[in-house]
Amino acid sequence: MSVNAFYLRTPLRRLATLLYRRGGLLLTVLLGPPLVWFCVIYLGSLLALLWQGFYSFDDFSMSVLPKLTLANYANIFAHGNFEIVLRTLAMATSVTVAAAAIAFPIAYYMSRYATPGIKAFFYIGVMLPMWASYIVKAYSWTGILAKGGIVFWVFGQLHVTWLLDALLQLPYVGGSTLSTSNLGRFLVFTYIWLPFMVLPIQAALERVPPNLMQASQDLGARAGQTFRHVILPLAFPGVVAGSIFTFSLTLGDYIIPNLIGPPGAFIGNFVYIQQGSVGNMPMAAAFTVVPIVLIAIYLTFANRLGWFDAL
């Protein structure tokens, strides 16, 4: 028997031939283990967590009881708890809009005007903060925004301290200092999540064919019309992709609300307090449904409007 004939009859060769002839079986072999891992580890643990939201909590003994109830989910709509949801939702929305407004000009310059060297510099500038420790960045902002920090010093050197004082007097925005105001919390959130908005928009703008803009100009469109009717619609999927990151990450964050801003819980640190300090795991589990539902509503709305078609 020749070597080739022996090789063809080996079990490994027969298995390779079988997988080659049956593409569905090959796909199952390749995707089966990751899907099993995803379903068991991720979805299984998530469903187990959500199921705990139906358990009861005894305030007297501080223990979880396997008595099923809807009270935890109903308590989400209680006045104090629903304020937490609205506060977090308002901050996540404002951070997403601000990040998109800041990121778009940066991404547009990177994709259309920057030379390769300048583009590399921008890439490093955008991604370098992502490599730094999240805790270090958050703590550094507490010093930057403090009363004697660099922001107050810059306003003092420009002799416009009155403008900063006026901002800190605004309701729902200001506070005694920037580090204890919603404005300061908004600035930190925007800074932390901005790279997650710049990169998707830049990638979307890179895919816009230059000849479309040239055709728009040849047809007599002004620069503003070209931007509104050609560039923005084609780049908007990048904005949507970036907004998913900024919106969801702000919804679930619990470190920045603990370090920056006035008193008042966000969804993330409320869940942390209920689970870590109080031990009320059912209430914490019920509150984790809120960001899941909000993200699901946002994704459904974006899909209905066709925002994902060009992704």
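The values are calculated or read from the model by the stated rules, or taken from the named source; none is laboratory data. These numbers come from a predicted model, not from an experiment. In this analysis, Cβ positions are derived from the backbone assuming ideal geometry, glycine residues included, and neighbour counts consider all displayed protein chains.
For Gly117, which of the numbered conditions (1) out of contact with any helix residue (DSSP H, G or I) (no Cβ under 7 Å at 6 or more places or on another chain); (2) buried (at least 18 other Cβ atoms within 10 Å of the Cβ); (3) small (Gly, Ala, Ser) fails to hold?
Failed condition: (2).
Just one of the numbered conditions (1) of a type in the set (Gly, Ala, Ser); (2) out of contact with any Leu (no Cβ under 6 Å at 6 or more places or on another chain); (3) modelled with pLDDT of 85 or more; (4) under 21 Å from Ile256 (Cβ atoms) is not true of Ser179; which one?
(2)
Tell me the residue from Gly238, Gly261 that is touching a Pro at 6+ places or on another chain (Cβ under 6 Å) and either at pLDDT 85 or above or closer than 29 Å to Thr180 by Cα (or both), please.
Gly238
Answer yes or no: is there a residue in the range 121-128 that is closer than 27 Å to Ile256 by Cβ and touching a Ser or Thr at 6+ places or on another chain (Cβ under 7 Å).
Looking through the range 121-128, none of the residues is closer than 27 Å to Ile256 by Cβ and touching a Ser or Thr at 6+ places or on another chain (Cβ under 7 Å).
When the residues of the range 252-300 are filtered to those that are aromatic (Phe, Trp, Tyr) and part of a loop (DSSP other than H, G, I, E, B), which remaining residue is farthest from Ala138 (Cα to Cα)?
Among residues in the range 252-300 that are aromatic (Phe, Trp, Tyr) and part of a loop (DSSP other than H, G, I, E, B), the one farthest from Ala138 (Cα to Cα) is Phe266.
Conditions tested, residue by residue: (1) at pLDDT below 85; (2) exposed (fewer than 13 other Cβ atoms within 10 Å of the Cβ); (3) under 20 Å from the mean Cα position of the chain (by Cα); (4) outside any loop (DSSP other than H, G, I, E, B).
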residue	(1), (2), (3), (4)
Gly174	yes, no, no, no
Leu183	no, no, yes, yes
Leu187	no, no, yes, yes
Gln202	no, no, yes, yes
Val230	yes, no, no, yes
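The rows are residues; the columns are (1) free of Cβ contacts under 8 Å to residues at least 12 places away in the same chain; (2) of a type in the set (Gly, Ala, Ser); (3) over 30 Å from Ser56 (Cβ atoms).
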| residue | (1), (2), (3) |
| --- | --- |
| Gln214 | yes, no, yes |
| Ala223 | yes, yes, yes |
| Pro237 | no, no, yes |
| Ala241 | no, yes, yes |
| Ile260 | no, no, yes |
| Asn269 | no, no, no |
| Tyr272 | no, no, no |
| Val289 | no, no, no |
| Leu299 | no, no, yes |
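Step by step: first the residues of the range 120-146, then only those that are closer than 15 Å to Trp193 by Cα and among the aliphatic types (A, V, I, L, M), then the one that is surrounded by the most Cβ atoms within 10 Å (Cβ to Cβ). Which residue is that?
Checked the range 120-146; the qualifying residue surrounded by the most Cβ atoms within 10 Å (Cβ to Cβ) is Val126.
Among all residue pairs at least 6 apart or on different chains, which show Cβ distances below 6 Å where the first residue, located in the range 136-148, is within 13 Å of Ile256 (Cβ to Cβ) and the second is in a helix (DSSP H, G or I) and of a type in the set (Gly, Ala, Ser)?
Thr142/Ser179; Leu145/Ser179; Leu145/Gly184
Suppose we keep only residues that are of a type in the set (S, T, N, Q) and loosely packed, with under 12 Cβ neighbours inside 10 Å within the range 36-62. Which one would you say is farthest from the chain's Cα centre (by Cα)?
Ser61
What's the number of the condition Val293 fails, among (1) surrounded by 15 or more Cβ atoms within 10 Å (Cβ to Cβ); (2) modelled with pLDDT of 85 or more?
(1)
Results for (1) part of a helix (DSSP H, G or I); (2) assigned by TED's automatic domain parsing to the domain that holds Pro291; (3) more than 21 Å from the chain's Cα centre (by Cα); (4) modelled with pLDDT under 90, shown as yes or no for each residue.
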position	(1), (2), (3), (4)
Gly80	yes, yes, yes, yes
Arg87	yes, yes, no, no
Phe104	yes, yes, no, no
Met127	yes, yes, no, yes
Ile135	yes, yes, no, yes
